[in-house]
Each structure stands twice: as structure tokens, then as C-alpha cells.
Amino acid sequence: MTALAALAAFGLLALSGLAAAQTVGPNAEAEKCLSCHGDQSLGTIDVGGVQKTLFVDATVYGTSLHGLLDCTSCHLGFKPRRHVAAESANWLETAKLTACGNCHADQFAMYSGSFHGHLALGQTGSNAPLCADCHLAHNVVDVHSTAFRRSILDLCGRCHGGRSSTYLDSYHGKAALLGDNATAVCTDCHGAHRILPASDPASTISKQSIVQTCAKCHPGANRNFAGFLVHVDPRSPHSNFWVWLFYAFYITLIVCIFTFGGVHTALYIYRGFKDGLYNRRGH
Ligand code: HEC
Ligand code: HEC
Ligand code: HEC
Ligand code: HEC
Ligand code: HEC
Ligand code: HEC
Ligand code: HEC
């Protein structure tokens, strides 16, 4: 009897152990989809002109922050079978943008009011980033992790190459390249979801709020400090006229000095030949 009870207790323990193990990784609903999509030989499909694999790695998915979600929380209306046209219609925008809003309403609301959001929601085929362009689809990571923070420069740089290179020339950019994680990256100054152009007073980089934005990390920052130029391309007069003028003057000065030096030396040597300065027999 006691042996039986012990066995039963052991069985229960084993069962609860199993249950605990199952709380990590794809759930039973997701497994139904993975019966096909867990197969690496399923092939590829065309997603916006790029061939992507239909294979979803169960381990990567299961250990991501979304590991416990049903696949259908983003792929609304999909059934675990060969799909019909009604399921596939408009699936990409649903998965990358609208479905996310069902659970992350705050971020969705901020995004809707942003420059990117206006573009994305206002016109089809815009080049603005959707949620899943910045957060990976099946491998969402903790946004406070160092890995995510480090990825931000590439993330924004993909579409804003010019701004990215002027940033990398600045103090913060050089510090970031050297591995400093406390230094300012794009989203520290521009925000992540409510990004607005400088001309909008509500923007984090507007005249009205720039001091406050710098003061997050530079206590006591004032207007003068905030006037520090983050994105300046000295080679373009449209970027900052005075910096360009100074740069152009500097380059002209250097060219003049070297030209003068070169001509002077050449004449000196010429004169030397003429005067037989280099003629050994003359000595
Ligand atoms: C019987 C195998 C099978 C099952 C089960 C299955 N899929 Fe698919 N899935 C496919 C195939 C094959 C494609 C390639 C496109 C096509 O032929 O429809 C595909 C394509 C997709 C796509 C790309 C968009 C599209 O429609 O082409 C998504 C998203 C998707 N499946 C999600 C799911 C989800 C979510 C589940 C579970 C609810 C699921 N699939 C279950 C076979 C399957
Ligand atoms: C958090 C939302 C989310 C969840 C949950 C999710 N997906 Fe996706 N899925 C996406 C997004 C976004 C894309 C489009 C990625 C892209 O741009 O290619 C996508 C694309 C796909 C594709 C098309 C291939 C591709 O890479 O574009 C398949 C197949 C797919 N998902 C299957 C699944 C399966 C199976 C599950 C569950 C195990 C799942 N998804 C769970 C968001 C999700
Ligand atoms: C342009 C890139 C970008 C886009 C587009 C984007 N995010 Fe984010 N998201 C970030 C960054 C960067 C963070 C890190 C937090 C920060 O810097 O404020 C973040 C943080 C988050 C967080 C963690 C909580 C928080 O607010 O810090 C959630 C949830 C989130 N985003 C969901 C979404 C959803 C949903 C969408 C679409 C409506 C979206 N994101 C669009 C870049 C983006
Ligand atoms: C069914 C609800 C649901 C959907 C749909 C969903 N998420 Fe999530 N998301 C969650 C939950 C739950 C977490 C985990 C929260 C936690 O652990 O703090 C999470 C976490 C996140 C995080 C990490 C937040 C952090 O604090 O680091 C990001 C980023 C995120 N989701 C973005 C997205 C994006 C982008 C989409 C659409 C492609 C999406 N989510 C769709 C429920 C959802
Ligand atoms: C998928 C491409 C894409 C990504 C990724 C992206 N943006 Fe944009 N962004 C755009 C487009 C398109 C516009 C509209 C204006 C334009 O054409 O330059 C825009 C506009 C802006 C503006 C408004 C000012 C302007 O140039 O008119 C700011 C500020 C901005 N983005 C910052 C960022 C930051 C910061 C990130 C990273 C968190 C980011 N963007 C990621 C495509 C992108
Ligand atoms: C230290 C703060 C700071 C950082 C970090 C920063 N920026 Fe900026 N950014 C600004 C300020 C201030 C402006 C407005 C003045 C200007 O145009 O130079 C601006 C302007 C912009 C604009 C044009 C906005 C408009 O309204 O015309 C874009 C796009 C942009 N930044 C993208 C980026 C990207 C991409 C990164 C990261 C690679 C980045 N920024 C990093 C402060 C910053
Ligand atoms: C996310 C935090 C953060 C934000 C936001 C930020 N910075 Fe910085 N900044 C730093 C760090 C960290 C350093 C390096 C300080 C050190 O250790 O020398 C730095 C250094 C600097 C330096 C050079 C050294 C110094 O202290 O004089 C200047 C100039 C500067 N920042 C200007 C700005 C301006 C202007 C803004 C707003 C447009 C800004 N920063 C926003 C974190 C930030």
C-alpha cells in the first residue's frame, strides 16, 4: 500500500516535472503548425521580393520572449493545414504590424502617431519600418539587452545611411564603436515608437525639447550644450553652412601651403642645378 502510494506520488511528481518542462517552448497549438513548418525541407516563399524559408526553428521560437504564444496570435486566421487563399491574403502586414497592436496597444498607439506610422498606415508600399522590421518575427529579444541595444545602429542605418555615418563621426558614435554601451544611440535622442521630425514641437529633437533629451544623460545640460551638432557633414554646405565654410577654408589653406611648398622646393632644386650646386666636378 505504502509502496503504491509512493509510486503514485512519484508518478505525480514526474508528471508535474513534465508540465513544468512544457511551459518553455512551443505550446500544443504551435506544435500543430510546426508539424509542417518544423521541417527544413518545406521550401521557400517569396516575401516582398526576397525568398524566405518556410522553416521555423522550434528551439529559437520556444526560447524567445514570444515562445509561449500560439502562432495564430500573429498569423490571424491560419489553420493547421495546407492554406487557402483567404488565410494568405494580406498576411504579411497583419503579422508585421496589425496583430502586434492587439497585445501591445501602447506601442501601437505611439507608433501610429509617429512619422514612420503615418507613412506605413497612410499609404501601401511605403518604405517605413513596421514593428517586425525592428523586432524580429520569431526571435523577439529583450529590448533592454545589450545585444538589442547594439543592433539599433544597423537597424536605423539600413534606411538612414547618411545620418548614420554623420553620427558615427560624432563623439557618441565613436564611443559606441569602441563598445561603450552608456553612450547615446539613435533611439535615445529620437525615441523608438514616436519618432517625429525636428520641425514638430512634440519631437524629442525639436527646439522646445532638445535640452530635456540631452539632460536625460547630461544633467544640467542647457541650450548651449544641446546646440552641439550631432549630424554634420563638413563636405556639404546644406548640412551646416559655417562648418562647411570652415572645412572648405581649411582644405584650401592646406592645398595652398602644399602647392607653395612644392613649387618653392622645385624652383630651389632647379636653381641648384643651374648654379652647379649638385655638380661634383665643380668641387
Ligand atoms: C500541412 C502542412 C502545413 C501546416 C500544418 C501549416 N502550414 Fe503554413 N504553410 C505550408 C506551406 C506548404 C506553405 C507555403 C505556401 C502555400 O503553399 O500555401 C505555408 C505557408 C505559410 C505562411 C506564409 C504565408 C502564406 O500563406 O504563404 C505562414 C504565415 C504560415 N504558413 C503559417 C502557418 C501557421 C500559423 C500554421 C498553424 C496554424 C501553419 N502554417 C500550418 C504548410 C503548412
Ligand atoms: C509575434 C508574432 C509572430 C508569431 C507568434 C509567429 N510569427 Fe510567423 N511571422 C511573423 C512575421 C512578422 C513574419 C514575417 C517575417 C518577414 O518579414 O519575413 C512571419 C513569417 C512567417 C512565415 C513565412 C516565412 C518568413 O520568414 O517570412 C512562416 C512560415 C511563419 N511565420 C510561421 C510561423 C509559425 C509556424 C509560428 C509558430 C511556431 C509563427 N510563425 C509565429 C510573426 C509571427
Ligand atoms: C524603428 C524601430 C522600431 C519600430 C518600427 C518599432 N519598435 Fe518597438 N522598440 C524599438 C526600440 C529601439 C525599443 C527599445 C525601447 C526604447 O528605446 O524606448 C522598442 C521597445 C518595444 C517594446 C518593449 C516595451 C517598451 O516600450 O520599451 C515593445 C513591446 C515594442 N517595442 C513593440 C513594438 C510594436 C508593437 C511596434 C509596432 C506598432 C513596434 N515596437 C515598432 C524599436 C522599434
Ligand atoms: C498574443 C499577444 C502578443 C502578440 C500578438 C505580440 N506580442 Fe509581443 N509580447 C507578448 C508577451 C506576453 C510578451 C512578454 C512580456 C514580458 O515577458 O515582459 C511580449 C514581449 C514582446 C517584446 C519584448 C518586450 C521587452 O520588454 O523586452 C517585444 C519587443 C514584442 N513583444 C514585440 C512584438 C511585436 C513586434 C509583435 C508583432 C510582430 C508582437 N510583439 C506580438 C505578447 C504578444
Ligand atoms: C525600413 C526603413 C526605415 C527604418 C528601419 C527606419 N526608418 Fe526612419 N524613416 C524612413 C522613411 C521612409 C522616412 C520618411 C522620410 C524619408 O524619406 O527620409 C523616415 C523618417 C524618419 C525621421 C523623420 C525625419 C525625416 O528624415 O524626414 C526620423 C527622425 C527617423 N526616420 C528616424 C529613424 C530612427 C531613429 C530609426 C531607427 C530606430 C529609423 N528611422 C528607422 C524609413 C526608415
Ligand atoms: C545625441 C542625440 C542624437 C543621436 C544619438 C542621433 N541623433 Fe539624429 N538627430 C539629432 C538632432 C538634434 C537632430 C536635428 C538636427 C539635425 O538635423 O542635425 C537629428 C536629426 C536626424 C534626422 C533628420 C530629422 C529631421 O527632422 O530632418 C534623422 C533621419 C536622424 N537624425 C537619424 C538618426 C539616426 C539614424 C541615428 C543613429 C545612427 C541618429 N539620428 C542619432 C540627435 C541625435
Ligand atoms: C543615453 C544617454 C545620452 C544622451 C541621451 C546624450 N548623451 Fe551625450 N554622452 C553620453 C555619454 C555616456 C557620454 C560620454 C561621457 C564621458 O564618459 O566622457 C557623452 C558625451 C557627450 C559629449 C562629449 C563629452 C562631454 O561630456 O562634453 C557631448 C558634447 C555630448 N555628449 C553631447 C550630447 C548632446 C548635445 C545630447 C543631446 C542632443 C546628448 N549628448 C545626449 C550619453 C548621452
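The values are calculated or read from the model by the stated rules, or taken from the named source; none is laboratory data. Every value quoted in this text rests on a predicted model; they were computed, and no experiment measured them. Neighbour counts are summed over all protein chains in view; Cβ atoms, including those assigned to glycine, are modelled from backbone coordinates with ideal geometry.
Below are the figures for this structure:
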read-out	value
Residue check for LYS32: among the basic types (Lys, Arg), at pLDDT 95 or above, within 8 Å of ligand 1 (Cβ to nearest atom) and in a helix (DSSP H, G or I)	yes
In segment 212-229, residue nearest to ILE251 (Cα to Cα) [restricted to those that are at pLDDT below 95 and buried (at least 16 other Cβ atoms within 10 Å of the Cβ)]	ALA226
Residue count for segment 119-133, restricted to those that are within 24 Å of SER151 (Cα to Cα) and either charged (D, E, K, R) or in contact with a helix residue (DSSP H, G or I) (Cβ under 9 Å, 6 or more places away or on another chain) (or both)	9
Scope segment 155-189; condition away from ligand 2 (no atom under 16 Å from the Cβ), within 14 Å of the chain's Cα centre (by Cα) and either loosely packed, with under 12 Cβ neighbours inside 10 Å or not in a helix (DSSP H, G or I) (or both); matching residues	HIS160, GLY161, ALA184, VAL185
Any chance ALA132 is among the aliphatic types (A, V, I, L, M), surrounded by 14 or more Cβ atoms within 10 Å (Cβ to Cβ) and more than 30 Å from VAL60 (Cβ to Cβ)	no
Meets criteria (within 16 Å of ligand 7 (Cβ to nearest atom) and at pLDDT 90 or above) for ASP169	yes
Boolean, ALA248 is over 18 Å from the mean Cα position of the chain (by Cα), among the small types (Gly, Ala, Ser) and in a helix (DSSP H, G or I)	yes
Every pair of residues 6+ apart whose Cβ atoms lie under 8 Å, when the first sits in segment 194-223 and is farther than 26 Å from ALA120 by Cα and in contact (Cβ under 8 Å) with a residue 60 or more places away in the chain while the second is part of a loop (DSSP other than H, G, I, E, B) and within 16 Å of ligand 4 (Cβ to nearest atom)	none
Selection count, segment 99-129, where residues are modelled with pLDDT of 95 or more and more than 18 Å from PRO197 (Cα to Cα)	10
Selected residue [closer than 19 Å to ASP133 by Cβ and either surrounded by 13 or more Cβ atoms within 10 Å (Cβ to Cβ) or without any contact (Cβ under 8 Å) to a residue 40 or more places away in the chain (or both)] from CYS74, CYS36	CYS74
The listed residue being within 16 Å of ligand 2 (Cβ to nearest atom), hydroxyl-bearing (Ser, Thr, Tyr) and farther than 20 Å from HIS231 by Cα, out of SER145, SER126	SER126
